[in-house]
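**Student:** Let me begin by handing over the structure; questions about it come next.
Read the figures in this text as sums done on the coordinates, not as results from a lab. Since we're looking at a predicted model, the values are computed, not measured. Note that we place each Cβ from the backbone using ideal geometry, even for glycine, and neighbour counts take in every protein chain shown.
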Amino acid sequence: MILNISDQKGVPISQDMIGLFFEDINYAADGGLYAELIENRAFEFVDCYGTACDYYVLPDYGYGWRATQDCGMGKLQFVTGSPVNRNNPHYLRFTADRAGQGFSNQAYRGLYLKKGEAYQVSFYARTITVRGNFLVSVRKDGETLLCGKVPVRVPGEQEGNKWERYELTLTALSDTEGALFAVALDQPGTAEFDFFSMMPKDAVAGVFRRDLFELLKGLHPGFLRFPGGCIVEGNTLENRYRWKESVGPLEGRRGNFNRWAVHQTMEENGWHTEFSHYNQTLGLGFYEYFLLCELIGAKPLPVLNVGLACQYQSLEKVEPTDPAFGEFVQDALDLIEFANGSTDTYWGGLRAQMGHPEPFGLTMLGIGNEQWETPESKFFERYSAFEKAVHGQYPKIRLIGSAGPDIVSDRHRDAWAFYHAEAEKNGNFCYAVDEHYYVKPEWFLGHTDFYDRYPRSVKVFSGEYAAHPAFEKADEANTLGGALAEAAFLTGIERNADVVVLASYAPLFARIGYVQWTPDMIWFDERSAYGTPSYYVQKLYGEHLGTVTVPMGGQEKKLEKEGVYVNCSLREDSGELILKAVNDKEEEKELTLRLPDRFLVPAAVRLYVMAGRETDCNTAADPQRICVRMQNTAFTGSIRLEPMSFTVARLAVLPPARQ
């Protein structure tokens, strides 16, 4: 097979093209990226039931907590009356009638601690009649593995029973898994507790689980879209994600049940699933998302609700003519002020109080998630109202629209007709339209030309995509075959960089045993985390973007008939030609490169290769079965493409640009 390399430059490639989409699904936030180890730390969890248009929750404030039995069981009561913060009104009232009685937290499937690692514990307590010490420990099978104590602070006569915050550090003496977090009283009495925390001291910025953070940073993402996804909309409007409730002190962030707690409820399971206690503490809130963007070098792309609950799950809405709709629009304006405003503004001042006086540099904003136009939803009217308000005050903010949940229906075509018509009147109306597709690998392989004929006046955000091959076990869904199909499709996205400016795989995270949706890019449990073949496809694209495309002249279509999917780009600053090639066949291929006369003939080529069998996948037991191999080799004029492989080749063909 021969590929003639053009000496012409094509279209510019956005260096922010390959990014991340974060949604709190599969326990991605609480129990995942948010490093907090305690489950239901503030005694606010609810148990979730229902189906479309009929969702409800039952209080289960003591979920995850129970009395220890070593010295007889003390009395646990989950009460309200004088909370630490009225936004989270419930707390634990515990009475011990004997010294040593206490209570424990299940911490998901139990605490996993590493020998020598330190863990910062904190909680609020109010003494009622208790004196002595609070004993904080990690326990397993009735044995205390490590323990610390803090003296009870007895209030003065004029202080009353006020809440006090306690802190201590525990250091693991050995590797431990499946353990419980426990608190006991060393004297009989009554005390009240709230807002427990056990955070690894190596958590990045005191927030992010380090191994998951490093996997994200290793992708070199251009942007991060957050916080979802369907949780932006909520199953009900009451359940929607309110960004203002996710900022400020942790104690004031009102808990919420997670939209995915009721995923796949049905009559057979009593409208109630094993994930019915999937709640959001919002410890990972909008401030932390912006901070994460800064730390991993990604541009922030928050998404906001437009007055519609999930159109699949609910009919709830606030009409655009209702004065209450103004709250949703104002949320957008206030968010921009929070991210970019000076410290003498209200929301910019709050950002500064939280520790970041410098602006976060927000440039993009998503208007709605997976919304589409119906006579009832009036999404186009909603988007127009947001656009007018935002651009009236912040004309440089780039707005992202929605084309609905698919790319084949009338609602998709209607959306594009709307955006293109409005863009003719106002070129700033919409920067890019968010498209979603979860499809079989065969669709990706057959549609690498999907964007070849798209109009260029409004850009595309490939906001949620993933290949869905056949699979039996959830954590074996991310096969090499699926990842190669995604890599092949991305050759078409890169080739059409003048219309596709943003692209992100979805979902991002899945905690093993806590999965509502699969495949997913990164899998983890309490012990470890690993990238899938899809992760390495994203990594190779993110690390090897050219600055301009190299025109293919239709050659890619001929190669695809041979099962080879190719695109070329040029890195102008280094003078490198970057070739991306997928071999979707089980036999080796050889691709001969014919370079133009004005190009240098490189002595060597740097290759990055991932290869294996179609059904290969990474697992917790074998996390590196599919990974990237890098090698430098002499350039002979051809590139060897291994069976079932994705190869990135970099060749120095031009003098580097002068700085």
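**Student:** What order, most packed first, do the peptides 79-87, 575-583 have when packing is the mean number of other Cβ atoms within 10 Å of each residue?
**Tutor:** Values: 79-87: 15.0, 575-583: 23.8.
Ranking, from highest mean packing down: 575-583, 79-87.
**Student:** Additional query: For region 261-309 and region 582-659, what is the separation of their Cα centres, given in Å?
**Tutor:** Spelled out, the Cα-based centre of one part sits 38 Å from the other.
**Student:** In addition: Give the residues of region 21-46 whose amide nitrogen is closer than 16 Å to a point set 7 Å from the Cα of residue 205 in the direction of its Cβ.
**Tutor:** Those under the cut-off are 21-23, 29-30, 33-36.
**Student:** A follow-up question, please. For region 440-481, which GluC sites (Glu not before Pro) are in a loop by DSSP, counting at most 16 other Cβ atoms within 10 Å? Please report the intermediate quantities before stating the final value.
**Tutor:** On the way: sites: 442, 464, 472, 476; in loops: 472.
Filter output for region 440-481: 472.
**Student:** Now a separate question. Which one, 105, 130, 174, projects farthest toward the positive side of the charge dipole computed for region 46-200 from Cβ point charges (K/R +1, D/E -1)?
**Tutor:** Final value for the positive-end residue is 130.
**Student:** For residue 149 and residue 4, calculate 0.36 nm times their separation in residues minus their Cα-Cα distance, and state this gained length in nm to one decimal. Each step should come with its number before you reach the end.
**Tutor:** Details: separation 145, 0.36 × 145 = 52.20 nm, distance 7.23 nm.
Contour length minus Cα-Cα distance gives 45.0 nm.
**Student:** Moving to a separate point now. Could you count how many Lys pairs in region 46-200 have their Cα atoms under 25 Å apart, skipping same-chain pairs fewer than 8 positions apart?
**Tutor:** 9
**Student:** Please report 549, 273 as a ranked list, fewest other C-beta atoms within 10 angstrom at the top and most at the bottom.
**Tutor:** On the way: 549 22, 273 19.
Fewest-to-most ranking of 549, 273: 273, 549.
**Student:** With a Förster radius of 25 Å, plug the Cβ-Cβ distance of residue 315 and residue 251 into 1/(1 + (r/R0)^6) and report the FRET value to the nearest 0.05.
**Tutor:** Values: r = 35 Å, r/R0 = 1.39.
About 0.10, to the nearest 0.05.
**Student:** Which ³J(HN,Hα) values, rounded to whole Hz and listed in residue order, are derived for region 499-514 from phi using the Karplus coefficients 6.51, -1.76 and 1.60 in 6.51 cos²θ - 1.76 cosθ + 1.60 with θ = phi - 60°, glycine and proline given as x?
**Tutor:** 10, 8, 10, 9, 8, 8, 6, 8, x, 8, 10, 8, 8, 4, x, 10
**Student:** Can you give the net charge of the other residues whose Cβ lies under 10 Å from the Cβ of residue 233, counting K and R as +1 and D and E as -1?
**Tutor:** Numbers: positive: 240, 259; negative: 316, 370.
That works out to 0.
**Student:** Show that you can apply the helix-only estimate: for the chain, add -39,500 (n - 2.57) for every DSSP H stretch of four or more residues, divide by all residues, and state [θ] at 222 nm to the nearest 500.
**Tutor:** Numbers: 11 runs with 117 residues, N = 659.
Rounded to the nearest 500, it is -5500 deg cm²/dmol.
**Student:** When a footprinting reagent is the concern and you count Cβ atoms within 10 Å, what order do 548, 154 take, fewest first? Working shown, then result.
**Tutor:** Values: 548 16, 154 12.
Exposure proxy ranking, most exposed first: 154, 548.
**Student:** Give me the distance between the Cα centres of region 368-387 and region 161-189, rounded to whole Å.
**Tutor:** Each part's Cα centre sits 50 Å from the other's.
**Student:** Order the peptides 210-223, 137-150 from the highest to the lowest mean number of other Cβ atoms within 10 Å of their residues.
**Tutor:** On the way: 210-223: 19.3, 137-150: 15.4.
Descending mean neighbour count gives 210-223, 137-150.
**Student:** Let me ask another. On a C-alpha basis, how far is the centre of region 5-54 from the centre of region 436-472 in Å? Whole number, if you could?
**Tutor:** 19
**Student:** Check the straight Cα-Cα distances from residue 396 and name the lysines below 21 Å, setting aside those fewer than 8 residues away within the same chain.
**Tutor:** Partners found: 299, 388, 425, 459.
**Student:** What are the ³J(HN,Hα) values, in whole Hz, obtained from phi via the Karplus relation 6.51 cos²θ - 1.76 cosθ + 1.60 with θ = phi - 60°, for each residue of region 433-447 in sequence order, with x given for Gly and Pro?
**Tutor:** Along region 433-447, the couplings run 10, 7, 10, 10, 7, 10, 9, 6, x, 4, 5, 4, 5, x, 10 Hz.
**Student:** Ratio of Rg to Rh for the chain, alpha carbon only, Kirkwood?
**Tutor:** Working: Rg = 26.9 Å, Rh = 26.7 Å.
Ratio of gyration radius to Kirkwood radius: 1.01.
**Student:** For residue 267 paired with residue 238, estimate the spin-label separation in nm (one decimal), with each label point 7 Å from Cα along the Cα-to-Cβ line.
**Tutor:** So the label points at residue 267 and residue 238 sit 2.6 nm apart.
**Student:** How much net charge surrounds residue 364 when only other residues with a Cβ under 14 Å from its Cβ are counted (Lys, Arg +1; Asp, Glu -1)?
**Tutor:** On the way: positive: 225, 299, 396, 398, 459; negative: 16, 387, 434.
Net charge around residue 364: +2.
**Student:** Want the number for residue 129 to residue 168: 0.36 nm per residue separation, take away the alpha-carbon distance, what's left?
**Tutor:** Working: separation 39, 0.36 × 39 = 14.04 nm, distance 2.25 nm.
Contour length minus Cα-Cα distance gives 11.8 nm.
**Student:** Near residue 609, within a Cβ-to-Cβ distance under 10 Å, what is the net charge of the other residues, with Lys and Arg +1 and Asp and Glu -1? Walk me through the numbers on the way to the answer.
**Tutor:** Details: positive: 629, 640; negative: 642.
So the surrounding residues net to +1.
**Student:** Let me ask something else. Which whole-number percentage describes the relative contact order of the chain, with Cα contacts under 8 Å and a sequence gap of 6 or more? Could the numbers behind the result be given before it?
**Tutor:** Details: 1616 pairs, mean separation 99.4, N = 659.
Once normalised by length, the contact order is 15 percent.
**Student:** Right, another one. Apply the Karplus curve 6.51 cos²θ - 1.76 cosθ + 1.60, θ = phi - 60°, to the phi angles in region 200-213 and return the couplings in whole Hz, x for Gly and Pro.
**Tutor:** Those phi angles translate into x, 5, 8, 4, 5, 6, x, 10, 9, 4, 4, 5, 5, 4 Hz.
**Student:** Let a ≥ b ≥ c be the square roots of the eigenvalues of the Cα gyration tensor of region 46-200; is it rounded (a/c under 1.5), or, if not, prolate (a/b larger than b/c) or oblate? Write out the running numbers ahead of the final one.
**Tutor:** On the way: a/c = 1.64, a/b = 1.07, b/c = 1.53.
Oblate, since a/c reaches 1.5 and b/c is not below a/b.
**Student:** Starting from the 7 Å offset along Cα-to-Cβ, what nm value, one decimal, do you get for the label separation of residue 562 and residue 327?
**Tutor:** 6.2
**Student:** Only counting other Cβ atoms within 10 Å, I'd like 342, 645 sorted with the fewest neighbours first.
**Tutor:** Details: 342 12, 645 21.
Going from sparsest to densest Cβ surroundings: 342, 645.
**Student:** Report, in degrees rounded to the nearest 10, the 0 to 90 angle that the Cα long axis of helix 379-393 makes with the longest principal axis of the chain.
**Tutor:** Between helix and principal axis, roughly 90 degrees.
**Student:** How about residue 589: which lysines have a C-alpha closer than 30 Å to its C-alpha, ignoring those fewer than 8 places off in the same chain?
**Tutor:** Once the sequence-local lysines are set aside, what remains near residue 589 is 9, 440, 539, 557, 558, 561, 580.
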